[in-house]
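One structure below.
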């Protein structure tokens, strides 16, 4: 009898234990009060580790020592640009589905280039806060025809959208960045976004989000924190001798912007200076301003204090601007990473104080990686060259095609990365077959030095292409409503160095591993530290967050949950 009772008791204990385990596996974890998604623009996957010995305690080290780190994470689409990567992280979808196939695309109706988040229906709330085409260095911004901004061009839902839908609208969803596309992409269709206006030196938004600024935003802008950098300089955080690139401050291939120079210290100049606010974004100051505004938002919007989980995206942009102008292997980039580490440590400290890191789920990644500057590669013995696509139409092979098709004018009208555009008006006027002309141009371009792949949109639409990793990455970038006529992939270490008339040190945007490699890190909420070396993709981030929160994934999501994050 005693034995039977013991067996019975043991059986019930097993049943109860199994039931508890099943309940835990079914998702009865404590939900975070805040999901903090950090996107560091142009943070190649190896960059935090290059300077790890000099990082502080609370920034990257907090993530690496307390979080799950995926060391082999990559974007799987071909065009590794800012808007493409941000929206991929937000949606878990490929560009072919979410529609943001490039920072700009050609509007076939108007014949003009379209900036990704521009929307004339929703002007910015601050008069004179639009793009100043005379001083704006960012070429994608300068293509915008309107200062209006919205997420309307994103063709699928984001994680923030799904969170808000699931929580009956009670979740607060915000995106903050120096770049409008960095903030708008992550805030999604239902959140609210703020970004930095270089023309005003303030954080602004558009009428898509508000009829007028919240009082706290007006008060923050009234403090004019950007002005405090006037007549100061970007100084090194440590003694120059302690830096890996301390002896390489002055390199001829770095971009010497007038008044900013290419050696430390980099002066910001007077407040009324033409490029004053631009110089701020080309330095750690841009991230510091973003941090200060994000802290103010957390307080005034009372993030993490309600019954529903809130979401805040902070996209740090300075790494991208610094990388373009000076290259990723430069003293400027090294110091910027070390100062970003301090900025992130302050963000984590602040979140811990106001909400609790044990109640916050943090995910960090990047919109794209970065190539080395050709000048740096050449110093080390690599062959690296620049390519000018504007010369393609003048090449003899293309001239022969003009004769063949009877096109006396330009056959190739323009190139805006990564698409080459043909003279469709002339092609239609002469009754030519668009696919035939595209494929003829592709055949000739494929023989050009420096071109690894040329593929027509007609071929991408038909799907009659070899099943190779490179072709797959281009297909994931193809959207028939927005893609150009011919997609070009340059060979590794072949680059375009024209940044809207400005010669830059380095430019990203390829499918090669240096541009696709990014970090993916999850921390907070009691996550156990672990480094994972299996290959993962950035489309996995949004469905992981959705699974963690027991939500349906975003509508275009193609990724799979990262099980290491979901394990009890």
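A short reminder: the numbers here are calculations on the coordinates, not readings from a lab. Owing to the predicted nature of the structure, the values given are computational and were not obtained by experimental measurement. Here the Cβ is made from the backbone with ideal geometry for all residues, glycine too, and neighbour counts use every protein chain on show.
With the cut-off at 1.5 for a/c, could you classify segment 385-445 from its C-alpha gyration tensor as rounded, prolate or oblate?
Judged from the Cα gyration tensor, segment 385-445 comes out prolate (a/c at least 1.5, a/b above b/c).
What residues of segment 285-326 lie in the reach of a label at residue 223, counting those whose backbone N is under 17 Å from a point 7 Å from the Cα along Cα→Cβ?
285-303
Rounded, prolate or oblate for segment 480-559? Axes are the square roots of the Cα gyration tensor eigenvalues, ordered a ≥ b ≥ c, and the cut-off for rounded is a/c under 1.5.
prolate
Using only the Cα atoms of segment 124-278, what do you get for the radius of gyration and for Dmax, in Å?
18.9, 56
Mean residue ellipticity at 222 nm from the helices of the chain, using -39,500 (n - 2.57) per DSSP H segment of n ≥ 4 over the full residue count, to the nearest 500 deg cm²/dmol?
Numbers: 22 runs with 196 residues, N = 568.
For the chain, the value works out to -9500 deg cm²/dmol.
How much length is gained on full extension from residue 110 to residue 299, taking 0.36 nm per residue of separation minus their Cα-Cα distance?
Length difference between fully extended and current span is 63.7 nm.
If I take R0 = 41 Å and measure r between the Cβ atoms of residue 443 and residue 563 in this structure, what FRET efficiency does the formula 1/(1 + (r/R0)^6) give, to the nearest 0.05?
0.35
For the pair residue 239 and residue 257, how long in nm is the line joining their label points, each one 7 Å along Cα→Cβ?
With each label placed 7 Å out from Cα toward Cβ, I get 3.0 nm.
Suppose each label sits 7 Å from its Cα in the direction of the beta carbon; what would the residue 146-residue 49 distance come out to in nanometres?
4.6 nm
Neighbouring Cβ atoms within 10 Å as the yardstick, rank 398, 69, 83 fewest first.
So the ranking, lowest neighbour count to highest, is 398, 69, 83.
Taking R0 as 56 Å, what FRET efficiency do you get between residue 65 and residue 452 from their Cβ-Cβ distance, rounded to the nearest 0.05?
My answer for the efficiency is 0.90.
Sort out for me the Cα centre separation of segment 306-348 from segment 58-73, rounded to whole Å.
15 Å
Taking the Cα centre of each part, how many Å lie between segment 173-245 and segment 275-300?
4 Å
Once fully extended, how much extra length lies between residue 399 and residue 352, figured as 0.36 nm per residue of separation less the alpha-carbon to alpha-carbon distance?
In short, 10.5 nm is gained.
Along the Cα-to-Cβ line of residue 248, 7 Å from the Cα, sits a label point; which residues in segment 327-370 have backbone N less than 17 Å from it?
327-338, 370
Stretched out fully, how many nm does the piece from residue 232 to residue 307 gain, at 0.36 nm a residue minus the Cα gap?
Values: separation 75, 0.36 × 75 = 27.00 nm, distance 4.41 nm.
Difference between extended and current length: 22.6 nm.
Under 1.5 on a/c is rounded, so check that first for segment 526-568, then, if it is not, pick prolate when a/b is larger than b/c and oblate when it is not; a ≥ b ≥ c are the square roots of the alpha carbon gyration tensor eigenvalues.
Oblate shape, in that a/c is at least 1.5 and b/c is the bigger or equal ratio.
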